[in-house]
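The values are calculated or read from the model by the stated rules, or taken from the named source; none is laboratory data. Source: prediction; values computed, not measured. So basically every Cβ, Gly included, is an ideal-geometry build from the backbone, and we count neighbours across all protein chains shown.
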């Protein structure tokens, strides 16, 4: 979290500078998002796909026409044959770090691939970049103890997520912005 915070806060002098486009240039933050999606992919199951009329090859195995196949993202992303130290958070694997040179990043497709991939992928990435950059810019964060073990969750089609409790404290090094007239009237300040 320290390196992410340093990247965001050293890049922007003011929150207004944080846009979808400018947040997209934060290399370490983007790597953190990718690593989070690798460790905890959005869909908890293997989305079914049917092989075409001529059949198809998957991983060197031929599947005849009409065979339902799928990739369970969480399982594949946590296999040591694909990712070194797969159960630990290492954003550096998406930044060319030599320790992860043998990672098979080609299989990393959290929003699936092909004509039936997630239609909201670009919007989701844009929202994640913008929201994370603004939260990190404005707040110091600390995981609440009641959220330890948060990754151990039940899943069906999607994850059954418990609340993720985080302490957000306004940055101590930033002057608090003055309330607008409307906000002051609303809060009684």
Item to complete: Would you confirm whether any residue within region 149-161 is surrounded by 10 or more Cβ atoms within 10 Å (Cβ to Cβ), at pLDDT 75 or above and in a loop (DSSP other than H, G, I, E, B)?
Response: no
Item to complete: Please give the helices (runs of 4 or more DSSP H) falling wholly within region 16-89 in which 1 or more residues are touching a strand residue (DSSP E or B) at 6+ places or on another chain (Cβ under 7 Å) and at pLDDT below 95.
Response: 73-77
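Can you tell me how many residues in region 14-44 are over 13 Å from the mean Cα position of the chain (by Cα) and within 18 Å of residue 121 (Cβ to Cβ)?
5
Based on what the data block shows, is residue 83 closer than 25 Å to residue 1 by Cα and in contact with a helix residue (DSSP H, G or I) (Cβ under 6 Å, 6 or more places away or on another chain)?
Here the answer is no, as residue 83 does not meet what is asked.
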Worksheet, complete the sentence: How many residues of region 113-138 are at pLDDT below 95, surrounded by 15 or more Cβ atoms within 10 Å (Cβ to Cβ) and touching a strand residue (DSSP E or B) at 6+ places or on another chain (Cβ under 8 Å)? The answer is 0
Worksheet item: Within region 66-84, is even one residue over 27 Å from residue 133 (Cβ atoms), surrounded by 13 or more Cβ atoms within 10 Å (Cβ to Cβ) and over 27 Å from the mean Cα position of the chain (by Cα)?
Response: yes
Practice prompt. Output the residues belonging to region 162-172 that are modelled with pLDDT under 90 and not in a strand (DSSP E or B).
Written response: 162, 163, 164, 165, 172
